[in-house]
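Read-outs throughout are calculated quantities, based only on the coordinates presented, and are distinct from any laboratory measurement. Being a predicted model, the structure only gives us computed values, none of them experimental. So basically every Cβ, Gly included, is an ideal-geometry build from the backbone, and we count neighbours across all protein chains shown.
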Ligand code: ACM
């Protein structure tokens, strides 16, 4: 399958423009699955609840409608981050396909001031069966908890799609370890740019990447420029959890020892 990561530079609060910028990049590069950043349509650096309430959308809102139209036209799948208006506000990711919504993930491990605006996710770490493989979702800071990627691998995910707005510099290299320890693919789609909201200023680190189950960086984007890259991957490579005759990375886990 052809897997694309889309790295954008969202302008805070400018939903139509941010959506258009993502669609233009997607138009330029054919793929079976596109991964977009966390909160790609709204921007990230909220300073009050009211701002989140104003830009949050239900899972079938205008951003979903626009991306679904693209998915229908191109017969492809898209994973993207958005502020979700449901019983509470969630920092969510949706996976959509040619016939509509496939599933949702709500970010479990909220980073820093996200804790002021969003509720921690309540959908676990879901895995979805697509025509080209099994896709798990996590969002940005979930990377720092090895349990998130491990839970997805144990459930059979072959690829982790990872919409992100990375701030800490460690994630791109750490994802190599997440992929190696789980023998899984990962597609981290980050954003670039700076959001200055008065006393709160955030610089994002770009460096979106696709990593293989052997820890190879198959593609990596710039730290400060928008872009898109697609690579061909065979997700079945993620099914080989044995690294030698004796060691199967999933089967040989010893959960009874971890809790002693
Ligand atoms: C992050 O989780 N957006 C750093």
Can you tell me the Rg and the Dmax, both Å, for the Cα atoms in segment 70-223?
15.2, 47
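Kirkwood hydrodynamic radius for the chain: how many Å is it when counted over pairs of different Cα atoms?
On the way: mean 1/r = 0.0550 Å⁻¹.
Roughly 18.2 Å, rounded to one decimal.
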Using the Cα gyration tensor of segment 134-180, with a ≥ b ≥ c the square roots of its eigenvalues, what is the shape: rounded (a/c below 1.5), prolate (a/b larger than b/c) or oblate (neither)?
prolate
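Would you mind putting 207-216, 115-124, 131-140, 238-247 in packing order, based on average other-beta-carbon counts within 10 Å, highest first? Don't skip to the end; give the middle numbers.
Working: 207-216: 21.2, 115-124: 15.2, 131-140: 23.6, 238-247: 12.2.
Order by mean packing, descending: 131-140, 207-216, 115-124, 238-247.
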Estimate the FRET efficiency between residue 154 and residue 122 by the formula 1/(1 + (r/R0)^6), using the beta-carbon distance for r and 25 Å for R0, to the nearest 0.05.
0.80
Length gained if residue 87 through residue 60 is fully extended, taking 0.36 nm per residue and subtracting the Cα-Cα distance, is 8.3 nm
Between residue 113 and residue 173, what is 0.36 nm times their sequence separation minus the Cα-Cα distance? Round to one decimal in nm.
19.2 nm
Sorted by mean Cβ packing within 10 Å, highest first, what order do the peptides 48-56, 252-260, 227-235 take?
227-235, 48-56, 252-260
In percent, how large is the relative contact order of the chain, given Cα pairs closer than 8 Å and 6 or more residues apart?
20 percent
Report the equivalent ellipsoid semi-axes for segment 1-135 in whole Å, largest first, defined as the square roots of five times the eigenvalues of the gyration tensor built from alpha carbon atoms.
24, 17, 12
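Counting residues in segment 160-260 as N, plug N into 2.2 N^0.38 Å and put the Cα Rg over that result.
So the Cα radius of gyration is 1.32 times the expected 2.2 N^0.38 Å.
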Quick one: of the DSSP bridges fully inside segment 52-154, what percent are antiparallel, nearest 5?
95 percent
Within segment 176-201, backbone nitrogen closer than 19 Å to the virtual label 7 Å beyond the Cα of residue 48 toward Cβ
196-201
Order 13-22, 167-176 from most to least packed using the mean count of other Cβ atoms within 10 Å.
13-22, 167-176
